[in-house]
1. Take the Cα atoms of the range 439-486, build their convex hull, and give its volume per residue in Å³.
2. Return one whole number: the accessible area per residue of the chain in Å², for a 1.4 Å probe.
3. Compute the distance in nm between two label points, each set 7 Å from the Cα along the Cα-to-Cβ direction, one at L107 and one at R286.
4. Given C-alpha coordinates of the range 357-498, what is the ratio Rg to Rh with the Kirkwood estimate of Rh?
5. With only alpha-carbon pairs counted, each pair once and no self-pairs, how large is the Kirkwood hydrodynamic radius of the range 648-745 in angstroms?
6. For the range 298-370, what are the per-bin percents of Cα-Cα distances with bins 5 Å wide, up to the bin holding the maximum?
7. Over the range 417-540, what number does the Rg to Rh ratio reach, with both radii from the alpha-carbon atoms and Rh per Kirkwood?
8. Roughly what would the spin-label model give for E175 and E361, points 7 Å off Cα along C-beta, in nm?
Amino acid sequence: MTTSGGEQRNWRARLTDPPFLFSLIALAVLVLIWTTTINLANRETAATARAGKSLAGDVADTYEAQVVRALREIDHTLKLVGYSLSSAAPGRVLADLRDNELLPPELLFTVNVLDPRGTLLATTHPANTAGHPDAAFLQLVAASGGMAVGLPRFADVTGEWRLHFGRAHRGDSGELAGVVTLSVHAGYFVSGYEFGVLGDGSVLGIIGVDGVFRARRTGNVVSAGEHIDYATLLPAEDDADAGAVLERNAWDDVSRFTVSRKLFEFPLAIVVGLSEAEHLAPARRRVTTYIERAALASAILLGVIAILAWVSWQLQRTRERAMNERVEHARRVEYLAYHDNLTDLPNRALFSRSLSAKMHEARLEDTGLALMFLDVDRFKNINDSLGHDAGDALLREVGRRLRGALDAEDIVARLGGDEFVVLLPGVRMAEEIVPVLDRLLSVLGRPMALADQEFRVSVSIGVTLFPGDGEDEQTLFKNADAAMRHAKEQGKNNFQFYSSGLSSDSLARLSLESSLRNALERDELCLFFQGKQDVASGAIVGVEALLRWRHPDLGLVYPMRFISLAEESGLIVPIGRWVLQKACEQNVAWINEGFAPICMAVNLSARQFLDRGLLEDVKGALESSGMEASMLELEITESMVMQDVGQAVRVLKELKAMGVKIAIDDFGTGYSSLSTLKLFPLDTFKIDRSFVRDVTSSAEDRSLIEAIIAVGKSLRLTVVAEGVETAEQARLLRDCGCDAIQGYFVNRPMARESFTGVLGARPVTGTSG
């Protein structure tokens, strides 16, 4: 009993085992699918076959009625002509009957009257010899007691089969007095063939009791004269009323639903055959569809079962690998959580953990460490000019060089954007890390290839020391950032150590930003002006409006101290709008005072250039001031137009359409190419002061200026040099082909009243430079 019970449990376990259970279910479903499909296919085929037999019977009924009616009309015509011959000559009879429209249409039928010897006495178609009967048919008619039906004859002249019908005309004593015949195209009896019902492969036909087809039509083909076994074709008399029979027709070996019926009044029978292939084609297509769907369902089912079996087989292997995969996945997730996906350096989270650990070690060992903040100078210009791919490549290269320049125990990480951070453990004094800082500046300053071009980049580095500058992460980060910003302010490409004064500078910066928000309302902003001088004539040909801030406590504040604050806070747009308005008004005021018209140049900030309201601001300033658009020159930088070349071209073209002039400021410091610059509707190049400063002592700077001037001339632009401070610089620029100069050599930026005096003291031309 125990063994039996164990076997039963084993069987139950096998039944519930997934592979066995799935296979059993699949088998049952397959049987159901194919049983249903076969049953459905058989029912579909049987129903269509029944419909075919019914349709064949209906067509036979209609066709029989049509043929009988046609034969009766032919017999009636023969009787009418024979009766009329008793009272008139044959020709007169046919003429009278024709006149009274008692004869069938001559287009289809030919009626003949012959004497007992077969001589033609009269005919409705004298020229139609194909309609004349032959001697054999005349003998058949003479021997017949009713309407005789002749064999079909093929007319070589017309290329058609014709049927002949005849009756004997007898005298009063019963002797043969003549013969009346009627011939017609064989196709007349199968003209009721309807393609919409019968298709191309069915058959309509009439056959004589002699087994010879008088007419048969399949599709467009009409034939006659074939001989078949009449007894085999027609059913027995007991089955005369039976329906259609599916059989293979003897004359063309085609399977059809066939109906054959004897015409009791005439020695003929009708044959109707509905093509099995054509009639069953839709049903067979549906059956094929059923089979295809069943096969697809079976394949899917078998595929699912196969997949389930494979999954079941793989399950054990998966379980074995699961632990290792979970461990590896955890390691990978942890790595991704603590590393930058662009440079593969540690990210801020991992660096924060490392910094905390190193500070703890430094406390235990009574030592220190150095924290560096590194920021890539002008990274935004490179990213906007060359594209994000080039910017990413630059960041990867910076990360690679940092790793290569530091020792194994040093830690380098990327905080985000273009900011990197370095941790140097075991540092007690600032002097210890100066060689490291010099090495970093040198390594990062080497040329690198970006977008198939060679570039040099620099970094600004801020350094703070633990524990002297701070004893917690937040303080160290804040101080290193302040030192890095100070390095930026000192001209970039240098390093600065944190000092307590930098914190005061940060507070002053916040205070300055707060005051700037009220500067417009309090009318604290003002404009200074600096002229542009033609190098040939020395005349003032233009003036640039320069923004200043008369701070109530700080006095006159220069743009370098507050423009970046205005950019960051968004105040640069309303401030730029104010500068544009006041500059236009001042230029009109000078004209009204009697000075010759000159071009007023106004700088646009990057944010202002991208502002959607720029065009309206320019138009509003011109309209409200009454200044001609041609007297306004807007100065933009290379980096501004390279951020989105397509958008920049559209904006500049709209400005040009107003009549405003466009100048590229600080030319030579960006990354634009000549092919790109040709897209912009420019009027002026302004050479950056960094190239002008050493032009008299540096052959390299002179060559650069000559190249820039050559570019400007090739584009038919006016070239203006900025930062000209000496007569020697002015003479050299004139010799190089420069058009105009601007700088302290012409005049220092000065307030409106002072610059009005400059205009009065020097010659002024109306050219706009």
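1. 92
2. 51
3. Distance between the two pseudo-spin positions: 4.2 nm.
4. Result for the range 357-498 is an Rg/Rh of 0.99.
5. 13.8
6. 4, 13, 11, 10, 10, 10, 9, 8, 7, 6, 4, 3, 3, 2, 1, 0
7. Here Rg/Rh amounts to 1.15.
8. The answer from the label model is 15.1 nm.
The values are calculated or read from the model by the stated rules, or taken from the named source; none is laboratory data. The structure presented is a predicted model; accordingly, all values stated were derived computationally and were not measured. Counting neighbours? That spans all protein chains shown, and the Cβs are built from the backbone with ideal geometry, glycine included. Ligands, DNA and RNA are excluded from the accessible area calculation, which covers all protein heavy atoms including side chains. Shrake-Rupley method; radii C 1.70, N 1.55, O 1.52, S 1.80 Å.
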